Amino acid sequence: MIPRALALLLAAAPAFAAEPRIAADSRVDLVGLLERLSGDPSVPQNPVSDAAAARFSRWKDHPAVARLARMRATGFAWNHPVQYALYLSSAPAWREAAPAPEFFAQLAGGRAELDAWRGSLGDFVRVSGFEDWERSRAAARETELAAVRAAAGGRDLASPLARYLGARTWGSWTVVVSPFFSNGGGASWVIEEKPGRPDVVVVYGLFWSKKSFWRRSIMSGGSPDGFAVSAWPEAVFSMAYALYEVCRPALKPGPDVCRGLNGLSNAEDCIQQIWVRGIVARLVDSEYGAKAAAAYRAQWAASPLQAQVDAVLRAYESGRAAQPDLMSAAGALAAPFSADGRAPACRLVDRARWSETVYARRLAYYLDGRLEARPDAGLSAVRAELPR
């Protein structure tokens, strides 16, 4: 049963356009194909991926493939290549349409290596006939997109999320379907290094199962709640980034903030991850039921601090008159992670930090979402002051 406070919350805020949009993206397919040709073990083997590997096998030694294999050895691996590709324009330029974070170059072995790989993409596309192959897959691609849309079930995930956060902290939100990535959402990213609110992209792989009697593969887009838990987290991260940023100077994390979080060791990443998991679990509970929420929580080992964050979220839900959006609860959400257990003095508006690019950017896009939901003359004046 949905708690009364949460039910009232989800019915209280203005509606937004239905999202996320489900689409294909040739940049994503290109990088996935190059990863498959380079021998990346993370690329799934399915009928489409296997057929593409056979079709393009004669170009497995192309510089775009060979360099990607070398960069994988230095850390430009797993989801990083496709995340970087989301910053690129399409053919023929393949330039950085938005400035990509410098850590991509560091993982690739340096800016020169990354630029050389990016410069080789156009030649691979030209000599291999990649664009012809993409066009030949138009009908099959529509079938793949239809399968994922069926899994989404026509549900608008943006409205309940925007109501919960109290601010729409993303500009666009797209689920990109590709046969070169593992089923469900994985290689997700928030592109915030651009004017306006961030673009949220979730790269979503298809589900394949064998029908042994017929010896053929059956494709699906997954389940409705499975689609939601793949799509929601990255959009929530857009708010988590802003929350952390306003608390950053005052927050002194304790030594155990990453305990129980496999693969994460940076305090900022761990804190944001715990916030996001708590928020998504609450949304899944309200939209798909307690059983789906329990299944979502069971996907990962819980942090010892998760229960404290969940308690803060429940208090936020029941106190929306005093806390119109999640930013109002920033200090309380940060308290479980403080070395002294106290809520840090999170300052939303700190003019002394105007020159900090990340702070100014995140404050600006948070304010855009906040002001869209509820006009405020004081915050409008602050937004006008921020460096462009």
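Things to note:
- Region 353-388: number of residues that are under 15 Å from M239 (Cβ atoms) and acidic (D, E): 2
- Members of region 103-117 that are more than 17 Å from W78 (Cα to Cα) and not aliphatic (A, V, I, L, M): G110, R111, E113, D115
- Only one of the listed residues (A301, A311, A267, A322) is in contact (Cβ under 8 Å) with a residue 40 or more places away in the chain, loosely packed, with under 15 Cβ neighbours inside 10 Å and either among the charged types (D, E, K, R) or over 20 Å from A152 (Cα atoms) (or both). That residue is A301.
- Selected residue [free of Cβ contacts under 8 Å to residues at least 60 places away in the same chain, farther than 18 Å from T169 by Cβ, in contact with a Leu (Cβ under 9 Å, 6 or more places away or on another chain) and in the same structural domain as V236 (by TED's automatic domain parsing)] from A343, A335, A329: A343
- Failed condition for D225, given (1) farther than 19 Å from V276 by Cβ; (2) out of contact with any strand residue (DSSP E or B) (no Cβ under 9 Å at 6 or more places or on another chain); (3) outside the structural domain of V349 (by TED's automatic domain parsing): (1)
- Which numbered condition W300 misses (of (1) at pLDDT 95 or above; (2) closer than 18 Å to W232 by Cα; (3) not hydroxyl-bearing (S, T, Y)): (1)
- Each residue in region 160-196 was checked for being at pLDDT below 95 and of a type in the set (K, R), and 1 pass.
- Residues of region 282-291 satisfying the condition of being aliphatic (A, V, I, L, M) and either touching a strand residue (DSSP E or B) at 6+ places or on another chain (Cβ under 8 Å) or crowded, with 19+ Cβ neighbours inside 10 Å (or both): L283, V284
- Among the residues listed as A146, A152, the single one being crowded, with 17+ Cβ neighbours inside 10 Å and closer than 30 Å to N46 by Cβ: A152
- Evaluation of L107 against (1) more than 16 Å from S90 (Cβ to Cβ); (2) touching a strand residue (DSSP E or B) at 6+ places or on another chain (Cβ under 9 Å); (3) not basic (K, R) (one fails), failing number: (2)
- When the residues of region 363-388 are filtered to those that are closer than 18 Å to W170 by Cα and of a type in the set (A, V, I, L, M, F, W, C), the one that is surrounded by the fewest Cβ atoms within 10 Å (Cβ to Cβ) is L371.
Per-residue answers, yes or no, for (1) surrounded by 22 or more Cβ atoms within 10 Å (Cβ to Cβ); (2) within 19 Å of R135 (Cα to Cα); (3) of a type in the set (K, R); (4) at pLDDT 95 or above:
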residue: V31; (1), (2), (3), (4): yes, yes, no, yes
residue: E35; (1), (2), (3), (4): yes, no, no, yes
residue: G39; (1), (2), (3), (4): no, no, no, yes
residue: S42; (1), (2), (3), (4): no, no, no, no
residue: N46; (1), (2), (3), (4): no, no, no, no
residue: D50; (1), (2), (3), (4): no, yes, no, yes
residue: A54; (1), (2), (3), (4): no, yes, no, yes
residue: P63; (1), (2), (3), (4): no, no, no, yes
residue: A69; (1), (2), (3), (4): no, no, no, yes
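- Taken over region 330-388, residues that are more than 16 Å from A242 (Cβ to Cβ) and of a type in the set (G, A, S) amount to 13.
The values are calculated or read from the model by the stated rules, or taken from the named source; none is laboratory data. Just so it is clear, the structure is predicted and the values come from calculations on it, not from any experiment. Cβ coordinates were reconstructed from backbone atoms using ideal geometry, including for glycine residues, and neighbour counts include every protein chain displayed.
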